[in-house]
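Student: Sharing a structure with you now.
The values are calculated or read from the model by the stated rules, or taken from the named source; none is laboratory data. All of these numbers come straight from a predicted model, not from anything done at the bench. Glycine gets a Cβ as well: all are built from the backbone with ideal geometry, and neighbour counts include every protein chain shown.
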Amino acid sequence: MKILFCRIGWCKYYNGDPTDPPVGGGSYNDSDIGHEIYNFKPFEGEYYGFVRAKNDTINVSRLEADAIDKTENVLVVWVSEQVLVGWYNNATIYRDCQKVPSDAKRMKGYTSYNITADDAVLLPEKEREFPIEGIGQSNVWYAENNDAIKSKVIDYITNYDAYKVSVSKIEIGLSDIEGKEKEAIVKVRINQDRFRDGLIKKYGNCCLCGVKNENLLIASHLKPWSVSNNQEKVDLNNGLLLCPNHDKLVDSGLISFSETGKVIISKCLSKRDRDLLNISRDMKIEVTDDNAPYVSYHRENIFQEE
């Protein structure tokens, strides 16, 4: 397996937020904001990564002998503060910096990149504990004579199942009322916290009723997570910030939205239920060119008319 270690500054999300600039990672970040701030911000399902290489050149021939301008199918290991922060699977690495597509630069703020991939994993800050030994102060490390660390990293990444965590669950038996704990496996939506933070910044309150208490606000998808691609899962245009009642109504398809954003209510809801759940046809959301396809998807595929 071809593997490249890239040292970058430390960010919480690497999603382009100027309030979360890269810290460390080289002298460049002391006086400016490094391009790695966008490393985990997808554009149309693609990640445009950046590492500041010596002379702005990555020696791709050290990864693939006959490579000249680029090499493909590389595991890129992103390192900050000497620990693993994330990785790109099956990445393409370019010898020289590339210009991002004009649409990406205009819409997302990307600048230049030298690594790209469509499969990326960013570890939550609390999970960034795996040490990367030997990289030193190099921003680009080929680890050609360090099979031991490469093997450890590959083993960690190969066996990392970010969708499964062990949790303690209380089980009460019908015939045995003694409290017991057992290990259970539950699914976790990676980057869901980033998605929710983005919606809170975007809306600030429930899109329908105005509830502002962040403890009660839920990041709701118009096109469900289960059928969305990686880009759609974290696209804020696919999300609404909702209180628990309205999140459940949207999620179950008991309400949806017209092309102009007005609430459409399923005939399955009685007047009493509508009153108790605080939902009325006078409510509406803002529909833009960016979120209209998601609104339409929800109305056509999730809404239960009867």
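So that you can scan it fast, the table gives a plain yes or no per residue for (1) in contact (Cβ under 8 Å) with a residue 12 or more places away in the chain; (2) in contact with a Ser or Thr (Cβ under 7 Å, 6 or more places away or on another chain); (3) among the charged types (D, E, K, R):
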position	(1), (2), (3)
Lys202	yes, no, yes
Trp225	yes, no, no
Leu240	yes, yes, no
Asp247	yes, yes, yes
Ile264	yes, yes, no
Lys267	yes, no, yes
Glu286	yes, no, yes
Asp290	yes, no, yes
Ser296	yes, no, no
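Student: Still on this structure: Would you mention how many residues in segment 124-137 are closer than 21 Å to Ile93 by Cα and buried (at least 16 other Cβ atoms within 10 Å of the Cβ)?
Tutor: 2
Student: Exactly one condition in (1) assigned to a loop (DSSP other than H, G, I, E, B); (2) under 20 Å from Ile154 (Cα atoms) is not met by Val51; state its number.
Tutor: (2)
Student: Look at Leu254 and say whether it is in contact with a helix residue (DSSP H, G or I) (Cβ under 7 Å, 6 or more places away or on another chain) and more than 26 Å from Phe43 (Cβ to Cβ).
Tutor: Answer is no for this residue.
Student: While we're on this one: Please pick out the residue among Tyr94, Tyr113 that is at pLDDT 95 or above and of a type in the set (Ser, Thr, Tyr).
Tutor: Only one candidate passes the filter, namely Tyr94.
Student: Let me ask another. Is it the case that some residue within segment 270-288 is surrounded by 15 or more Cβ atoms within 10 Å (Cβ to Cβ), within 25 Å of the chain's Cα centre (by Cα) and over 28 Å from Asp17 (Cα atoms)?
Tutor: Taking every residue of segment 270-288 in turn, none turns out to be surrounded by 15 or more Cβ atoms within 10 Å (Cβ to Cβ), within 25 Å of the chain's Cα centre (by Cα) and over 28 Å from Asp17 (Cα atoms).
Student: Does Gly204 fit the bill of being modelled with pLDDT of 85 or more and at positive phi?
Tutor: yes
Student: Based on this model, can you work out whether Gly34 counts as over 17 Å from Ile8 (Cα atoms) and either surrounded by 15 or more Cβ atoms within 10 Å (Cβ to Cβ) or out of contact with any strand residue (DSSP E or B) (no Cβ under 9 Å at 6 or more places or on another chain) (or both)?
Tutor: Answer is no for this residue.
Student: Moving to a separate point now. Sort through Glu306, Glu232 and tell me the only one that's modelled with pLDDT under 90, over 22 Å from the mean Cα position of the chain (by Cα), of a type outside the set (Ser, Thr, Tyr) and not assigned by TED's automatic domain parsing to the domain that holds Pro124.
Tutor: The match here is Glu306.
Student: Now for a separate question. When segment 71-91 is examined, which residues are found to be part of a strand (DSSP E or B) and surrounded by fewer than 19 Cβ atoms within 10 Å (Cβ to Cβ)?
Tutor: Correct list: Glu72, Asn73, Val83, Asn89, Asn90.
Student: Residues in segment 172-194: is at least one at pLDDT 85 or above, outside any loop (DSSP other than H, G, I, E, B) and either loosely packed, with under 15 Cβ neighbours inside 10 Å or on the phi > 0 side of the Ramachandran plot (or both)?
Tutor: No; the residues of segment 172-194 include none that is at pLDDT 85 or above, outside any loop (DSSP other than H, G, I, E, B) and either loosely packed, with under 15 Cβ neighbours inside 10 Å or on the phi > 0 side of the Ramachandran plot (or both).
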